[in-house]
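To start, the structure under review is shown below, and the notes come after it.
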Amino acid sequence: MKHDEITYTVNGCAMKVHNSLGNGFQEVIYQRCLAIELEKAGLLFGREIEQDIFYDGTLVGTRRADFVIENEIIVELKAVINLEDVHLAQAKNYVVAYDKPLGLLINFGAKSLQFKKIFNPKYR
């Protein structure tokens, strides 16, 4: 599956969840529902996959992205009224740290579902 096909499918799954639940729930609820939809769609994914973070060759901690889809795309979820630059920065950091070409930032907290596509500059 190509990246565009994967992101289209993920966005469709997210839309199903948002259309059903609306906004107002905690992020973990949307995460669990999205996992159900991704499974129905036949996408391979991992949830809360831990990744080591290094600084100058030294392990300084770990982070967990909400989803890694088809081992190619990071998906970070939010349930906030408005996406802010800090959310975009976090998603971009995950895409780079996990060394994936692409990421999606999806916000379930707004009245309308919000999507942002994030590109890893290394793959451009």
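No value in this document is a laboratory result; all are computed from the given coordinates. Just so it is clear, the structure is predicted and the values come from calculations on it, not from any experiment. Cβ placement follows ideal geometry from the backbone for every residue including glycine, while neighbour counts extend to all protein chains displayed.
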(request) Determine the shape class of the chain: with a ≥ b ≥ c the square roots of the Cα gyration tensor eigenvalues, call it rounded for a/c under 1.5, and otherwise prolate if a/b is greater than b/c, oblate otherwise. (result) prolate
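Using a Förster radius of 25 Å, what is the FRET efficiency between residue 62 and residue 119 based on their Cβ-Cβ separation? Nearest 0.05, please. Please list the in-between numbers first.
Details: r = 24 Å, r/R0 = 0.94.
Using R0 = 25 Å, I get an efficiency of 0.60.
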(message) With both bridge residues required to lie in the chain, what share of the DSSP beta bridges run antiparallel, to the nearest 5%?
(response) 75 percent
(request) Rank the residues 98, 55, 30 as a footprinting-exposure proxy: fewest other Cβ atoms within 10 Å of their Cβ go first. (result) 55, 98, 30
(request) Note down the net charge around residue 87, summing +1 for each Lys or Arg and -1 for each Asp or Glu among other residues with Cβ under 13 Å from its Cβ. (result) -2
(request) Only residues of region 13-54 count here: report those whose backbone N is under 13 Å from the spot 7 Å along Cα→Cβ of residue 81, or say none. (result) 24
(request) Under a cut-off of 12 Å between alpha-carbon atoms, report the aspartates and glutamates in cross-link reach of residue 117, not counting same-chain residues fewer than 8 places apart. (result) 4, 76
